[in-house]
Amino acid sequence: MPTLLGVLLLLATSSLPVRPAESEYEKDVAFALQEIEKKCSGFIAAKKIDWKKVSAEMTKAAKSVKSPEEHLLLLTRMIARLRDGHAEVRPLEKGQGIRAPEELRGEREGPGMCWCRIGKDYYVKNAFGAAAAAGVKAGDKLVKVNGKSADKWVADRMAQLADLKSFSTDQHALFFTLNGGLYDAPGTRYALELLAPDGKKKSKTVACDKAGAAPLFGPAFPPEGIVTQGDLSYGKTKSGFGYVHIRRSAGDLPAKMDAALATLKDAPGLILDYRGNSGGGFDHDAFMGEFIPKGKIMDFGAEYRSEGKTPYGGPIVVIVNGTVVSAGETGCGAFKEDGRAYMIGESPTAGMASQKETIELPSRLFALFVSVHSNKARFNGGKGIEGVGVIPHETLELKARDLADGRDTLIERAEAILRDFPQASVLYDPKAFGWGN
């Protein structure tokens, strides 16, 4: 027979609440939070992320997760708070068949326009497709969007995007929002109140459709007459300067650039426009060698040897903004950091260039792909690129009047710089390398 003490103990313990066992989703989240804190501690500190707050938020949310699909969504929200543009959730073998929830897989189409910020206001940078058909024009000032002031709408949209998409810097978030962030579900409507350059008010409604999904994230208005060959568009400006828009930094970039330079070899100066560059992977040394005269070596810290059939040795101006990501940043950044060119831009590049690691989660459903070290650690005085970006020598904005007139302010500024090149700011001197002799 049980003793009196035993009975009392049994009664006491039976009245205590039973703590439910941790689900595999909660275990994944707990493990992920700890591993991210260990592996990404440098970036968490540098980007001033309150990881304790993130951990509390995600730990609480994990208790409500009931399916693999919900788990995938929560993990996506978790790494969005890491502010790492490369971070993503990847399925392991066990998770291959899990269908992404609607929030992550919804079809996206474009409204046929991109926007820009000038001062504290927002403007239409370019318009085509549905936006152009509705009467929206480049240079129009955005007063209201769907009943909200333009600045309120942009701030809300940026926050909405940042809940699911990781942005490495503020400029990365802003420029994505004003370009690709305007894409939404087919039929999504934008009710716009606009102020034309002549001061007239107008109201227009634009819907997202396939015709409005063309990627126009680069220059507002490229020079007339340029030709497009894959990832490169090139030709000459009306002033006779060479112009190359580098849309992507793929593996064959050096060879494609060599072909482009064959048509621009007599240009007195060259503009390399990186705006909208989506990254990739290429031989950086071979690419930089395309801009060093035959038989020459450039060594102002990093050594580059001349490459290609028609290397260009004249003065160069590079154009950037917050749409330049990943390999586009390491590529354009070398021109500035290694002394080959003068750089201008609306902002630094996105600050999304890093070395990554994979964290496999205990459930074996998913792995997290995260940044652990910055690429090009010697850039920015030892800070690298991740979370910083490549910072231009000169920062300037587009002008509304130029947009209305079909002109790109930064391209025109680049031409002016090439006419009176600031040689004191650039280590490479064409004359010292025999260019033009």
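General observations
- Residue identified as crowded, with 19+ Cβ neighbours inside 10 Å, in contact (Cβ under 8 Å) with a residue 60 or more places away in the chain and closer than 13 Å to Y234 by Cβ among L261, L253: L253
- Checking D429 against (1) touching a helix residue (DSSP H, G or I) at 6+ places or on another chain (Cβ under 9 Å); (2) of a type outside the set (G, A, S); (3) touching a residue at least 40 places away in the same chain (Cβ under 8 Å), the condition it does not meet: (3)
- For segment 283-334, the strands (runs of 3 or more DSSP E) that sit wholly inside it and include 3 or more residues that are in the same structural domain as G240 (by TED's automatic domain parsing) and β-branched (V, I, T) are 316-320.
- Applying the set (1) outside any loop (DSSP other than H, G, I, E, B); (2) within 21 Å of V325 (Cα to Cα); (3) not aromatic (F, W, Y) to A350 leaves exactly one unmet item: (1).
Per-residue answers, yes or no, for (1) aliphatic (A, V, I, L, M); (2) in contact with a Ser or Thr (Cβ under 8 Å, 6 or more places away or on another chain); (3) modelled with pLDDT of 95 or more; (4) assigned by TED's automatic domain parsing to the domain that holds A162:
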{"residue": "L72", "(1), (2), (3), (4)": "yes, no, yes, no"}
{"residue": "L75", "(1), (2), (3), (4)": "yes, no, yes, no"}
{"residue": "A80", "(1), (2), (3), (4)": "yes, yes, yes, no"}
{"residue": "D84", "(1), (2), (3), (4)": "no, yes, yes, no"}
{"residue": "R90", "(1), (2), (3), (4)": "no, yes, yes, no"}
{"residue": "I98", "(1), (2), (3), (4)": "yes, no, no, no"}
{"residue": "P101", "(1), (2), (3), (4)": "no, no, no, no"}
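- The one condition from (1) out of contact with any helix residue (DSSP H, G or I) (no Cβ under 9 Å at 6 or more places or on another chain); (2) modelled with pLDDT under 65 that F31 does not meet is (2).
- Evaluating D198 against the criteria (1) without any contact (Cβ under 8 Å) to a residue 40 or more places away in the chain; (2) of a type outside the set (S, T, Y); (3) closer than 30 Å to V370 by Cβ leaves one unmet condition, (3).
- Residue list for segment 129-145, restricted to those being part of a loop (DSSP other than H, G, I, E, B) and crowded, with 18+ Cβ neighbours inside 10 Å: A134, V136, K137, A138, G139, D140
- Note on segment 353-383: residues that are crowded, with 22+ Cβ neighbours inside 10 Å and outside any strand (DSSP E or B) amount to 4.
- Verdict on E57 being at pLDDT 95 or above, under 25 Å from A30 (Cβ atoms) and of a type in the set (D, E): yes
- Any hit, segment 382-395, residues being of a type outside the set (V, I, T), farther than 23 Å from F43 by Cβ, out of contact with any Gly (no Cβ under 6 Å at 6 or more places or on another chain) and at pLDDT 95 or above: yes
- Taking the criterion of being assigned to a loop (DSSP other than H, G, I, E, B) and either among the basic types (K, R) or within 16 Å of K256 (Cα to Cα) (or both), the residues of segment 269-282 that qualify are Y274, R275, N277, G279, G281, F282.
- Only residues that are over 25 Å from M78 (Cβ atoms) and crowded, with 18+ Cβ neighbours inside 10 Å were counted in segment 155-189, giving 3.
- G269 falls short of the stated requirement of being buried (at least 17 other Cβ atoms within 10 Å of the Cβ), in contact (Cβ under 8 Å) with a residue 40 or more places away in the chain and on the phi > 0 side of the Ramachandran plot.
- Of all the residues in segment 411-430, those that are within 17 Å of P222 (Cβ to Cβ) and either over 27 Å from the mean Cα position of the chain (by Cα) or of a type outside the set (K, R) (or both) number 5.
- Filter result for L164 (part of a helix (DSSP H, G or I) and under 21 Å from the mean Cα position of the chain (by Cα)): no
- Any chance P362 is assigned by TED's automatic domain parsing to the domain that holds L73 and not hydrophobic (A, V, I, L, M, F, W, C): yes
Residue-by-condition table, conditions (1) β-branched (V, I, T); (2) closer than 29 Å to S306 by Cβ; (3) more than 20 Å from the chain's Cα centre (by Cα):
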| residue | (1), (2), (3) |
| --- | --- |
| P362 | no, no, yes |
| H393 | no, yes, no |
| D405 | no, no, yes |
| T409 | yes, no, yes |
| A432 | no, yes, yes |
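- Selection status of F433, of a type in the set (F, W, Y), buried (at least 18 other Cβ atoms within 10 Å of the Cβ) and more than 30 Å from G295 (Cα to Cα): no
- Residue in segment 60-79 that is touching a residue at least 60 places away in the same chain (Cβ under 8 Å) and assigned to a strand (DSSP E or B) present: no
- Checked against (1) in a loop (DSSP other than H, G, I, E, B); (2) at pLDDT 95 or above; (3) under 19 Å from G135 (Cβ atoms), S203 passes all but condition (1).
The values are calculated or read from the model by the stated rules, or taken from the named source; none is laboratory data. As the structure is a computational prediction, the values presented were derived from the model and not from experiment. Positions of Cβ are backbone-derived with ideal geometry, glycine not excepted, and every protein chain shown enters the neighbour counts.
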